[in-house]
Amino acid sequence: MENYGGGGPPHWSMPQDAAIQAQQSYQEHAAAATYSGTTVAGTSTAAIAPNAPTSVTPPPSGNMPNAAKKNDRLARMENRVLVTRTADEETEDGRIRNKEAMAKIRDAWVYKQIRERVDEFTEYKQALLYCGTWNVNAKGKDESLDEWICSDWGPDGRYAPDIVAVGFQEIVDLNAVNVAVDNKTQQRTQYWVERLRATLNAPERMHGNPQEKGYALLMQRSMVGLLICVFVKAPHRNRVKSISSDSVGVGVMGMMGNKGGVSIRVQFYDSTLCFVCSHLAAHRENVAGRNADFVNVMSKLNFEVGEEAVREIIRNGSMSQWATGSSSVGIADHDIVFWLGDLNYRLDESLPTEKALQMSEAGKVAELRSLDQLNIERREGRVFQGFEEGQINFPPTYKYQPGTDVYEQRPEKKLRAPAWCDRVLWLTQDPRHVQQLTYKRSETPNFSDHKPVYTTMRVTIK
């Protein structure tokens, strides 16, 4: 692995000849751009360059090659509605024009040319990144987090990650009082933040050099039972900016925080990273509810970063959207998105509960994988379109008898089929820029009815 060591890759800029060629190409294709007042989704109108190339979104496919997946994702991003905030103007010949729309068309066209040549003027280096997720079942004991957080660090911490992102679910009971008042969330948030901080910065891991080995908290975001924390290794702290967060509830009445997502986004050197922690709809039969929750979280999370930050993101080739006048970004407007949490997808209902328990206890992971609802839904293109997930090679992480390694089968408890509720997926503009090194579950701590899950990845950073 090649670490930055505090220096970091230089900020890149587009060569003048590339900018000129992009502008000339735009002028050739959209010199007479006009504005068509077509209302979309009842909110705004879409600007159209009549001679500019158009893109369509092909049907999603679970077997789509990496290059095709990348093109599919870019097509969906570039096919967005163009929202204007200035009034239309009518010309003498009766045509409708909008100066803001024309400017945005130009920006989008130039951006497309930049994206095609980005490798010519970008320097890349690699970083290690850790993502962990755990539903703690409203419990909290001072049990060591080392196996879950630090298993991949290696001797002397030589493989300690540059960024650590950890998501929790059910840090408080999801009862009516906590959902409505949110009165215990901050207390439990502080508890888990301090537990993580103490684990990451334990003296035995500093090796006498906390300035190089230590971790700083970039931000935390919580909502009822959800919490996400992002830490960065100390030498990189000054190369992180445009930090922002958001949360959205999609639970009771479609808006309460018992289910939903919390998210943090950062610019790390010249790459943009987004971390989403979510808790989706429960119950084995409610696949459609989970899919709908994903769509709502994906579409509603929004980060206000300011117009200058948006312009820089576009200059860095990280975002495909209409630039002028925009001061916010969505989840998809990042180089890499990491989505983790209790996604609550279960084993297909065609498998009886008793049989699912037998197969889980027997370690028949490969046979169970084909019956995993998330794998099925992604393969059919109904959810997490464009996202990737590593192959699962560990037993289902839910539902355990707390404090044991035994699936819950006590007679006084409802019998549930084991499931891989706890997952980590990612979405990237370039599939070459993410390499998953490990994807595991941790056996400790074990006081919850879920087992913790984690992954370590090597990511390519600009």
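The values are calculated or read from the model by the stated rules, or taken from the named source; none is laboratory data. Because the structure is a prediction, the values reported are computed rather than measured. Reconstructed Cβ throughout: ideal geometry from the backbone, glycine too, with neighbour counts over all protein chains shown. All accessible areas refer to the heavy atoms of the entire protein, side chains included, with ligands and DNA or RNA removed. Shrake-Rupley method; radii C 1.70, N 1.55, O 1.52, S 1.80 Å.
Observations on the model:
- Exclusive hit being farther than 14 Å from I149 by Cα and either more than 21 Å from the chain's Cα centre (by Cα) or of a type in the set (S, T, Y) (or both), set R432, R423, R416, R458: R416
- Selection from region 196-237 of residues that are among the acidic types (D, E) and open to solvent by less than 60 Å² (accessible area, probe 1.4 Å): none
- Out of Q409, Q435, sole residue that is outside any loop (DSSP other than H, G, I, E, B) and either at pLDDT 95 or above or under 25 Å from S360 (Cα atoms) (or both): Q435
- Within region 135-146, the presence of at least one residue that is crowded, with 16+ Cβ neighbours inside 10 Å, assigned to a helix (DSSP H, G or I) and more than 23 Å from the chain's Cα centre (by Cα) is confirmed.
- Residue pairs whose Cβ atoms lie under 6 Å apart, sitting 6 or more positions apart in sequence or on different chains, and linking a residue in region 134-150 that is under 24 Å from A282 (Cβ atoms) and in contact (Cβ under 8 Å) with a residue 40 or more places away in the chain to a partner that is among the charged types (D, E, K, R) and open to solvent by 60 Å² or more (accessible area, probe 1.4 Å), are A138/D173.
- Condition met for E443 (open to solvent by 10 Å² or more (accessible area, probe 1.4 Å), in a loop (DSSP other than H, G, I, E, B) and either touching a residue at least 60 places away in the same chain (Cβ under 8 Å) or small (G, A, S) (or both)): yes
- Only one entry of S278, S242 meets the criterion of being modelled with pLDDT of 95 or more and either assigned to a loop (DSSP other than H, G, I, E, B) or on the phi > 0 side of the Ramachandran plot (or both), and that entry is S242.
- Restricting attention to region 179-216 and to residues that are part of a loop (DSSP other than H, G, I, E, B) and either within 25 Å of the chain's Cα centre (by Cα) or modelled with pLDDT of 95 or more (or both), the residue that is nearest to A234 (Cα to Cα) turns out to be G214.
- Of the numbered criteria (1) assigned to a helix (DSSP H, G or I); (2) within 30 Å of T353 (Cβ to Cβ), the one R284 fails is (1).
- When restricted to residues that are of a type in the set (G, A, S), part of a loop (DSSP other than H, G, I, E, B) and at pLDDT below 95, region 147-178 contains 1.
- Test result for V240, crowded, with 16+ Cβ neighbours inside 10 Å, farther than 20 Å from G132 by Cα and of a type outside the set (S, T, Y): yes
- Conditions (1) open to solvent by 40 Å² or more (accessible area, probe 1.4 Å); (2) touching a residue at least 24 places away in the same chain (Cβ under 8 Å): number failed by I461: (1)
- Of everything listed in (1) modelled with pLDDT under 95; (2) of a type in the set (D, E); (3) open to solvent by 70 Å² or more (accessible area, probe 1.4 Å), the single unmet condition for D430 is (3).
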